[in-house]
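Scroll down for the structure; my scribbles are underneath it.
We did not get these values from a lab; they are worked out from the coordinates using the rules stated. Keep in mind that what you see is a predicted model, and the values were worked out from it rather than measured. Cβ: placed from backbone, ideal geometry, glycine included. Neighbour counts: every protein chain shown.
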Amino acid sequence: MSLLETRGLTRSFGGLTAVDKVDFAVEPGEIRAVIGPNGAGKTTFVNLISGRIAPQTGRILFAGEDITALPAFRRVRKGIAYTFQITSIFGNLPVHENVALAARAGKGNATECLTRVGLETRSGQVAGTLAYGHQRLLEVAMGLALKPRLLILDEPTQGLSDGEIAGFVKLVRAIASETTVLLIEHNMPVVMELAERITVMHRGSVLAEGTPAAIRADPQVQSVYLGTA
Amino acid sequence: MKGDGARIALLHGAVLALLFLAQFVAGDYVQLSLTRIMVLAIYAMGYNLLYGYTGLLSLGHAMFFATGLYVAAIGTTRIGLGVPEVFLLAIAIGALVSLAIGGLALRASGVAFMIVTLMFSQAAFLTILYFGEYTRGDEGIVIADSIRRFGFLGMTVDLASATLRYNLALALLAIAMGVCLAIVRSPLGHVLIAIRENESRATMLGYDVTRYKLFAVVVSGTLSATAGAAYALMFAYAGSTLASIQYSIHPLLWTLLGGAATVLGPLAGTAVMYAVVDIASGFTTANLLAVGVVLILLVLFFRKGLLGTVRQRWLPWLP
Amino acid sequence: MSFFPHLLLAVLEGAVAAATLALTALGLSLVFGVMRVVNVAHGEFYMLGAMVAWWLSQLVPAHPLLGFLLALIGAPLAVGAVAFATERLVLRRIGYDPEATIVATIGLMFLIQQLALSVFGADAKPVNAPFTYRIVFPWFGYSGYKLFVVAASAVLLLCVWWVMSRTRFGLIMRVTQFDRETATAFGIPVGRVYSAVFVAGAAIVAIAAVLLVPIQQAHYLMGLDPLLMSFIVVIIGGLGSLKGSVIAALAIGLLGGIVSVFFSPTFAAIIATLLVAFILVIRPQGFFGAPAR
């Protein structure tokens, strides 16, 4: 049974269909990347999965259970953790409190999660004063503290330096040993290095799906995406 | 964290102890003023729980205060209930009213929440005027001294006695302070603060934000109703002015002045503002002038308020 | 009176009520629409306009028309000046933060109200209408001035609509309303636009006060009702939608005018405020506003 599955998922805004009848499945334990050019519908798609917006038609199944009608917070409790594309932390609260809030909700261990992302020495600092790269790590730590079955990382490497990205890749790989990761990513080298399977979205639909090698070789993908990237 | 607990208990205990000792040095006028301040501070503490900690700006808290006020006044004068019963009834009805209003108003957020609370409160105010036959409108209900003298657990309690009233107000204040401290320092209180700081983040950590907000509205409204009932019973009066829009603004002002999201802030703010208005009314009949000026100055120059500033500069552990 | 004359009276009263609502709400709607802040002192701007109108009219007691014309110029100037000072000294400094603006304008509300009490006293001040022509129907007479108010508010609404939709300044305001950052990127001086809009909102409500004070009397506490009524209109019309506000004013005014012929005004007010609260609860964006982005 797939961990996450969508069937005919559709959402439009005004005249624009951002996500158009998408059938999609993530298997337990894999690292899956969703890529696509700007405006392909990736962000709307993850928002539908995380429950931040509601679909017009279609269904979402999580571990076989229909979660289409569940509000976002219940999906989080079922094990879908979401890290925001635009960093969203409690900027006025200490780092440790940020993770503790997540840990209390998800029964995780705050200190352990901070250590895993390497922020244990900064736990007393006010989160808003962290450097940008550290704030992104804090987001990941909050996601980990939820003890999710599916961790959605929405453009996690955006705005990070090359050195930070390398560390990030290592971290995600370690995380993937115990949970399923859905990665929405722009940075192709990161995707190619991490993902076991890649789903390419284009104009709201799934254009192609397969291993990194297969996606790299797909002429359709090359024309709409890789050629312009 | 353990050390914080002791310091916090010590500080708040000291404030209560000082208030207890004050009655032995204060004259009649100051004692009466302090009694009023303590009762109104309970109202402000309730307000602060919602505005300061949870970040919800209500412009309609007078309806909760008035709920307690009128349940107490009508219950004793019209229905003939005893003072202790009516007090408990007022608290229960206050909780129900805030549950109902909270359930409705929380469907709106931001500016809309503010206007919804304002509108509900205005409707309540107009309802009080409309049923003037029972509420006696802005003339108000006076609770006779004979009603305020009653037997309780074998003792005779006389609410017209200034000393008794003072100590009752102090006891209620202590309870309200205890409730606030307990909530604010609990995991639940941390979630309320998280909602204030970043609501969508709190949702995406799996917290049912609406339920937490509803909890805050109910506790806040219930404390306000408790203060209202105490006010009516202790000062023997309930009038529609106490349900007007002004009385929704007052706790906001006291909270902002004393320091939003500090447990002692509302008490400090109420006391200072009470003194300011008291002094100002020696010069002018326009005694709300001070309220207006202080509000503007606070927003412009003193956003953290008295205890908020103390916390920022000197005592970071202040709850 | 039989049914038809009764209905005619109700419709006339309703039209006057609708004009009153539209006039008072127009400024609030404009300010909220463009600046996304709620001006709680809006009702006091109205009161101030009425007070200035009274003060000017009693300078020339023999000529109500002259006093009216003076007020039509003096009141918007005076209230506009107060609004300008508010915008510069307070709103700008707090960066138009929605919550801080609400708190600050609440302060301003008390400040203006209490100053008016100190300066003008607590008694109600009647202002004569500029003319006293009475329209005689077969069944009853009706104030010609009230109908003039209806016509004048229609003209004022058309003017504002014309400015918003047909002029360059209107375009600038609409761009600013749509997105402050985009506007800045296009080189629009957002600060000056905000100033102008806030002052314009105050001037419009002052004109409304000048028009309405002959049928209301000036009093230092008169600001609360127009404030609440403006909230009602602006909310039902959809926060920030000018068109919605006008339609809402017409609907509520006509309905309210008709209802008040049959029920007590307090009861009508309770129903109206509850209605607004419930509309906001069910449809927080009102009927014409776009949902928050």
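Against chain C, whose longest principal axis comes from its Cα atoms, helix C:242-262 is set at around 30 degrees. Global dimensions of segment C:24-222 from alpha-carbon coordinates: Rg and Dmax equal 18.2, 62 Å. Dipole magnitude for chain B: computed about the Cα centre from +1 point charges on Lys and Arg Cβ and -1 point charges on Asp and Glu Cβ, it is near 800 debye. Any idea what % of Cα-Cα pairs in segment A:140-229 are farther than 17 Å? Cα-Cα pairs of segment A:140-229 separated by over 17 Å account for 52 percent.
The label point for residue C:216 and the one for residue A:13, both projected 7 Å from the Cα toward the Cβ, are 4.1 nm apart.
Let me know the shape class of segment B:2-313, please: from the alpha-carbon gyration tensor, a ≥ b ≥ c as square roots of the eigenvalues, rounded when a/c is under 1.5, otherwise prolate if a/b is greater than b/c, or oblate. Write down the numbers at each step before the final one.
Working: a/c = 1.41, a/b = 1.21, b/c = 1.16.
Judged from the Cα gyration tensor, segment B:2-313 comes out rounded (a/c under 1.5).
Please enumerate, by chain and number, the aspartates and glutamates with C-alpha under 20 Å from the C-alpha of residue C:243, excluding those fewer than 8 residues away in the same chain. Partners found: C:179.
Residues within the reach of a label modelled at residue C:271 (point 7 angstrom out along Cα to beta-carbon, backbone nitrogen below 20 Å), restricted to segment B:118-142, are B:119-132.
Highest mean first, the peptides C:94-103, A:144-153 sorted by other C-beta atoms within 10 Å per residue fall in the order A:144-153, C:94-103. With the charge dipole of segment B:2-313 set up from +1 on Lys and Arg Cβ and -1 on Asp and Glu Cβ about the Cα centre, the Cα lying farthest toward the positive end among the listed residues B:44, B:231, B:75 is that of B:44.
Peptide B:192-203 has a mean shielding of 5, counted as Cβ atoms of other protein chains within 10 Å of each residue's Cβ.
A full extension of the chain between residue C:65 and residue C:115 corresponds to an added length of 15.2 nm, given 0.36 nm per residue minus the alpha carbon distance. Partner shielding of A:102-112 amounts to 2, given as the average count of beta-carbon atoms from other chains within 10 Å of each residue beta-carbon.
Here is what passes the span test in chain B: the DSSP H helices with alpha carbon length of 24 Å or more along the helix axis and a Kyte-Doolittle mean of -0.5 or above are B:2-25, B:28-48, B:83-105, B:111-130, B:162-185, B:209-235. Only the Cβ atoms of Lys and Arg (+1) and of Asp and Glu (-1) were treated as charged; on that basis the dipole of chain C about its Cα centre amounts to roughly 600 debye. Computed from point charges on the beta carbon alone (+1 for Lys and Arg, -1 for Asp and Glu), the dipole magnitude for segment B:82-171 about its Cα centre is near 220 Debye.
Applying a 10 Å radius around every beta-carbon, put B:69-76, A:119-126, C:195-202 in order of their mean neighbour count, most first.
Details: B:69-76: 26.4, A:119-126: 15.4, C:195-202: 23.0.
By packing density, highest mean first, the sequence is B:69-76, C:195-202, A:119-126.
Over all alpha-carbon pairs of the protein assembly as shown, lay out the pair-distance distribution in 10 Å bins, whole %, shortest bin first. Spelled out bin by bin, the protein assembly as shown gives 2, 11, 19, 21, 19, 15, 9, 4, 1, 0 percent. Computed over chain A, the Cα gyration tensor eigenvalues convert (square root of 5λ each) into semi-axes of 28, 21, 16 Å, ordered from largest to smallest.
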